[in-house]
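The values are calculated or read from the model by the stated rules, or taken from the named source; none is laboratory data. Worth saying up front: this structure is predicted, and the values here are computed from it rather than measured. Neighbour counts are summed over all protein chains in view; Cβ atoms, including those assigned to glycine, are modelled from backbone coordinates with ideal geometry.
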Amino acid sequence: MQLGVKNGRSEHFRALMASVIKSVFAGDLPETVQGIPESLANEQTKSDYNISVEQEQELVSKQIIAILGYVPKEDGPDEKSLKEYANDALTRPLNSYKPEVVIFKAGCNRCNKKKYFISDACEGCVARPCIVNCPKKAIFRKDGKCHIDESKCIACGLCQKNCPYDAIVRRKIPCADECPTEALSKDAEGYSHINPDKCIHCGRCMVRCPFGCISMTSMVIDVARYIKEKERPVVAMFAPAVFGQFPANPAQLRNACLKCGFSDMVEVAVGADTTSITEATEFLEHVGTGKQPVLLTSCCPAWVRSVRVHIPKLAQYISTTGSPMRYTGDLLKERDPNCITVFVGPCTAKRGEVQLVDNTDLCITSEEMLALFNACGVNPSTMSKEDTSTTRLPSQESVQYCVKEAVSLAVLHAVPKAVKGISEDEEKKETQKILFDKTKTSEIAVKPIYVSPLDRQSFNKIKQWGENTDQIPGNLIECMCCDGGCVAGSGNIVAPNIAQARVLKLKEERPLFKDIENVTELE
């Protein structure tokens with residue numbers, strides 16, 4: 001399945017999540033949660049799935065446990081009842097969340113290992129390039145058609161590549177084929193499993209699985225709980241990509257959040273302005289002076305985790321600059337230390353980053369935000385367009401951070417302000433002298449390398465760069481794990497092309513980075 005394509009499984013899951021959230025707001029979650037699996041999976045609804053009613057109920061139960069923020073067992077009864085999990089979720093400390101991706105055996109289809117097969121389109125041609133080019137002699141001709149001996153096939157794909165009729169089909173395993181780090185594997189029975197030590201939380205497997213059996217622990221119940229309690233203000237921090245998910249402008253989305261019980265909604269692009277100038281300064285001071293050969297952007301948490309876990313030789317070059325989420329959280333906590341900050345974005349990997357920063361408390365995806373809107377009966381597109389926000393507008397460059405190649409462009413546009421900042425800082429006078437003595441110019445040449453998506457092919461290439469940095473064809477690696485940028489994030493709800501068009505339209509309503517007097521302030 002492709003992101004943003006309407007399908008039965010995503011509709012079921014969003015309805016389930018909205019049902020759970022609605023019970024939180026109603027104050028009766030522990031009493032009602034036990035009956036949700038049976039209400040959604042029964043004899044009347046069994047035509048919607050291809051497993052037994054009992055298996056579907058087990059799958060729904062495990063999905064609920066993940067929605068509540070806990071890790072269910074892959075198979076068999078869980079340690080606690082849904083009511084006990086619900087009570088725990090409504091009383092746990094704010095920072096007790098653990099991000100983990102889980103696969104439920106109850107829903108796993110045990111897809112066949114990837115292989116090639118020859119369809120009826122085969123013409124049994126005389127040239128037979130499939131037979132001639134097969135290194136294992138696994139293809140033979142019978143009754144005028146070619147066939148593959150599965151016992152010999154090594155799935156190299158040469159037959160498919162050379163067939164003049166496109167008659168040879170590669171059968172995929174959606175979840176495993178999409179995993180860039182090979183964290184997902186099959187056991188002897190054909191069930192999929194995830195190695196948490198290899199997983200980068202990118203969410204590709206969740207989006208691609210057409211059976212709904214892959215999920216990630218969520219924080220959406222915590223968000224609903226703190227909104228309902230009204231003891232502390234809860235601020236929604238909307239990432240740029242989220243504005244591409246709903247047919248509503250920022251003012252309408254802010255008013256929708258207020259109606260749901262949030263105290264405010266602030267654009268994370270405001271924090272991205274700080275990321276731009278900070279990363280530009282870091283580039284000048286480290287790459288521009290020759291102290292290091294390359295700088296790796298730090299906005300995409302799946303990318304950062306992939307380098308730290310799988311390519312440690314490159315990890316030393318990851319930018320120490322904080323992500324837009326981090327800086328926005330910092331600014332909001334400066335304004336009100338008592339507020340609860342909730343990042344709303346396209347990214348499942350952000351849930352891991354939240355554990356590493358101080359001032360972002362919770363994190364939910366665009367899909368979870370949609371479920372929250374639905375639970376509250378709020379339609380953003382019908383809300384008032386009157387904007388009462390006191391927060392400054394972010395720059396055009398930061399609004400499009402969610403689009404491939406835009407982060408490097410924002411860093412490049414921030415260089416003049418960064419150079420000025422260095423020249424005004426007495427402690428960095430020597431750095432400035434090295435910069436301009438070395439380059440004989442007032443600008444440092446930024447040579448970006450764009451990587452998106454982070455799939456197996458691109459990931460293997462980056463691994464080679466980790467072994468030999470002299471092979472890196474640039475000095476700033478911008479990697480967006482999702483294909484095309486955050487507009488294609490695994491937690492989104494619409495097709496990437498639609499989201500990108502909306503974001504680029506919004507950009508036109510924002511000031512240029514160079515025209516903002518103080519890009520590191522919230523107001």
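Of the residues making up region 476-523, those that are under 13 Å from GLN400 (Cβ atoms), part of a helix (DSSP H, G or I) and over 13 Å from the mean Cα position of the chain (by Cα) are ALA499, GLN500, ALA501, ARG502, VAL503, LEU504, LYS505, LEU506, LYS507, PHE513. Looking across region 312-331 at every residue that is of a type in the set (A, V, I, L, M, F, W, C) and touching a residue at least 60 places away in the same chain (Cβ under 8 Å), the one that is farthest from ASP273 (Cα to Cα) is identified as LEU314.
Taking residues in region 95-120 that are without any contact (Cβ under 8 Å) to a residue 12 or more places away in the chain and assigned by TED's automatic domain parsing to the domain that holds PHE211, and partners anywhere that are surrounded by 14 or more Cβ atoms within 10 Å (Cβ to Cβ) and in a loop (DSSP other than H, G, I, E, B), the pairs with Cβ atoms closer than 9 Å and at least 6 places apart or on different chains are SER96/GLY69.
In the set (1) closer than 30 Å to LYS161 by Cβ; (2) surrounded by fewer than 20 Cβ atoms within 10 Å (Cβ to Cβ); (3) in contact with a strand residue (DSSP E or B) (Cβ under 8 Å, 6 or more places away or on another chain), the condition left unmet by CYS125 is number (3).
Would you confirm, using the coordinates I've provided, whether VAL309 is in contact (Cβ under 8 Å) with a residue 12 or more places away in the chain, more than 15 Å from CYS486 (Cα to Cα) and among the β-branched types (Val, Ile, Thr)? Show your work before the answer.
On the way: in contact (Cβ under 8 Å) with a residue 12 or more places away in the chain: yes; more than 15 Å from CYS486 (Cα to Cα): yes; among the β-branched types (Val, Ile, Thr): yes.
For VAL309, the condition - in contact (Cβ under 8 Å) with a residue 12 or more places away in the chain, more than 15 Å from CYS486 (Cα to Cα) and among the β-branched types (Val, Ile, Thr) - is met.
The set of residues in region 165-177 being in contact with a helix residue (DSSP H, G or I) (Cβ under 7 Å, 6 or more places away or on another chain) and under 26 Å from CYS134 (Cα atoms) consists of ILE168, ARG170, PRO174.
Listed conditions (1) among the aromatic types (Phe, Trp, Tyr); (2) closer than 30 Å to LYS198 by Cα; (3) under 18 Å from the mean Cα position of the chain (by Cα) are all met by TYR327, apart from (3).
Among the residues of region 213-236 satisfying the criterion of being assigned to a loop (DSSP other than H, G, I, E, B) and surrounded by 22 or more Cβ atoms within 10 Å (Cβ to Cβ), which is nearest to the chain's Cα centre (by Cα)? Across region 213-236, the extreme among qualifying residues is SER218. In region 312-319 there is no residue that is assigned to a loop (DSSP other than H, G, I, E, B) and crowded, with 23+ Cβ neighbours inside 10 Å. The number of residues in region 308-350 being of a type outside the set (Phe, Trp, Tyr) and under 19 Å from VAL101 (Cβ atoms) comes to 9.
Flag: ASN95 does not match the condition of being farther than 26 Å from THR341 by Cβ and at pLDDT below 95. For region 56-74, give me the residue count where each residue is without any contact (Cβ under 8 Å) to a residue 60 or more places away in the chain and either within 21 Å of LYS46 (Cβ to Cβ) or over 26 Å from the mean Cα position of the chain (by Cα) (or both). Selection size over region 56-74: 6.
Applying the set (1) more than 30 Å from ASN475 (Cβ to Cβ); (2) touching a Leu at 6+ places or on another chain (Cβ under 8 Å) to LEU331 leaves exactly one unmet item: (1).
Hand me the list of helices (runs of 4 or more DSSP H) wholly inside region 96-198 holding 1 or more residues that are basic (Lys, Arg) and closer than 30 Å to MET480 by Cα.
Working: elements: 129-133, 158-162, 174-178.
Correct list: 158-162.
Every test in (1) in a helix (DSSP H, G or I); (2) of a type in the set (A, V, I, L, M, F, W, C); (3) buried (at least 20 other Cβ atoms within 10 Å of the Cβ) is passed by MET265 save one, and that test is (1). Listed by position, the helices (runs of 4 or more DSSP H) enclosed by region 1-68 that each have at least 1 residues that are at pLDDT 95 or above and assigned by TED's automatic domain parsing to the domain that holds TYR97 are 8-26, 29-32, 53-67. Sub-8 Å Cβ pairs linking a first residue in region 264-275 that is without any contact (Cβ under 8 Å) to a residue 60 or more places away in the chain and on the phi < 0 side of the Ramachandran plot to a second residue that is among the acidic types (Asp, Glu) and surrounded by fewer than 24 Cβ atoms within 10 Å (Cβ to Cβ), at least 6 apart or interchain, number zero.
Here ALA183 meets the list (1) in contact (Cβ under 8 Å) with a residue 40 or more places away in the chain; (2) under 20 Å from the mean Cα position of the chain (by Cα) almost entirely, failing just condition (1). Reported count of residues in region 61-82, each being β-branched (Val, Ile, Thr) and surrounded by fewer than 20 Cβ atoms within 10 Å (Cβ to Cβ), is 1.
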